[in-house]
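This is the structure, below, for whatever I ask next.
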Amino acid sequence: MSVRKAAMILHRCCWLVFVALVLVDVVAEPLVPYGLTFVPAVAAVLIGFLVARGGRAAAAQERPAVEVGPPVTGRWVALNSPADKVPSHGTHGYGQSHAIDVVAEPEEGSRPSFRPLWPLARPNRDFPAFGAPLVAVADGTVVHAGDGQRDHLSRTSGPALAYLLVVEASLRDLAGARRVVGNHLVLDLGGGTYAVYAHLRRGSLRVKAGDTVREGQVVARCGNSGNSTEPHVHFQLMDRPDLDVARGIPFTWRGIGVPRNGEAFVAEAADRPQDATRVRVRGDGDGGGRGGDGGRGDGGR
């Protein structure tokens, strides 16, 4: 076991011990003096800081961008893009330095918008991304494939988002990477590069560990599992298959580059059988996409 892996496990264990001590203090006699209750929390914060520092150091020596195909077909919009900031999701943890989220929007305005109060949550069928096919970005081998977690309702209202940020996200982080990314797929693309598809729809995987895939092959469908506000695709490249220890790798999508936050792009599927679909891409007609030469090959930094 690597030092980084052990540190991540210890980090979660410290938080779990802290939570357990607090709960015991509330419902029964304290197990330790009040001041010592916070020792595990302080240790967890310190370990988290050291792990994050190591991630920043690795990012300073990051690898060149790897060009792959897009993981989706149709018209999508980018969110939390590395073209705007790195780390794109505010952390180097779980190999997310250059991760990107994309939401399906077949036509402008066709995706439900955020509401301050009501409705508190929406069913997944209201979002065009839910159930959309996802394709292999390159030839590779399936390292991990899991789709047993449920797809929850959206978190697209003020109260629901607050619940996600304050309660749900913390609990998922304590449970580990699997609960954060939800149903997910990891592909070994060769050359020390691994592709991750997160928040997949329950029961939608078409591949299993050990399978080989071809670029453009449909491998799963978009869902809303894990730490997710709405049905969307979370995609990233990283240098090893274990999310606890992986470092992010910059990517660029062939013919598109790296779309910025709020930028639309279109990936068109060639007219081939679904399980062998390969994709060609172009910029969206309203200026949403851009060619590969003009894309942010270095993740936008």
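The values are calculated or read from the model by the stated rules, or taken from the named source; none is laboratory data. The shown structure was predicted, so the numbers you read here are calculated from the model rather than taken from an experiment. For neighbour counting, all protein chains shown are included, and Cβ atoms are generated from backbone atoms with ideal geometry for every residue, glycine included. To get the accessible areas, we keep the full protein, side chains included, count just its heavy atoms, and leave off ligands, DNA and RNA. Shrake-Rupley method; radii C 1.70, N 1.55, O 1.52, S 1.80 Å.
Using modelled backbone amide H atoms (1.01 Å from N, in-plane), which distant-in-sequence or interchain residues come within less than 5 Å of LEU134's amide H?
Sorted by chain and number, the residues that satisfy this are VAL219, ALA220, ARG221, CYS222.
Would you tell me the accessible area of LEU187, worked out with a 1.4 angstrom probe on the heavy atoms of the protein chains, in Å² to the nearest 10?
Number for this one is 0 Å².
Give the shape of the stretch 58-112 as rounded, prolate or oblate, defined through the alpha-carbon gyration tensor: a ≥ b ≥ c are the square roots of its eigenvalues, a/c under 1.5 means rounded, and otherwise the shape is prolate if a/b is larger than b/c and oblate if not.
Judged from the Cα gyration tensor, the stretch 58-112 comes out prolate (a/c at least 1.5, a/b above b/c).
Rounded to whole Hz and in sequence order, give me ³J(HN,Hα) for the stretch 79-91 from the Karplus expression 6.51 cos²θ - 1.76 cosθ + 1.60, θ = phi - 60°, writing x for Gly and Pro.
With the stated coefficients, the stretch 79-91 comes to 9, 6, 8, x, 6, 9, 7, 9, x, 5, 9, x, 8 Hz.
At 1.4 Å probe size, with no ligands or nucleic acids counted, give the accessible surface of ARG172 in Å², nearest ten.
Number for this one is 40 Å².
Right, something else. For VAL66, what residues show an amide H to amide H distance below 5 Å, using hydrogens built from the backbone and excluding near sequence neighbours?
Amide H neighbours of VAL66, under 5 Å, 5+ apart: PHE251, THR252.
Next up: How much of LYS5 can a 1.4 Å solvent probe reach, expressed as accessible area in Å² and rounded to 10?
50
Then there is this: Separation between the THR91 and VAL27 pseudo-spin-labels, each 7 Å from Cα along Cα→Cβ, expressed in nm?
2.6
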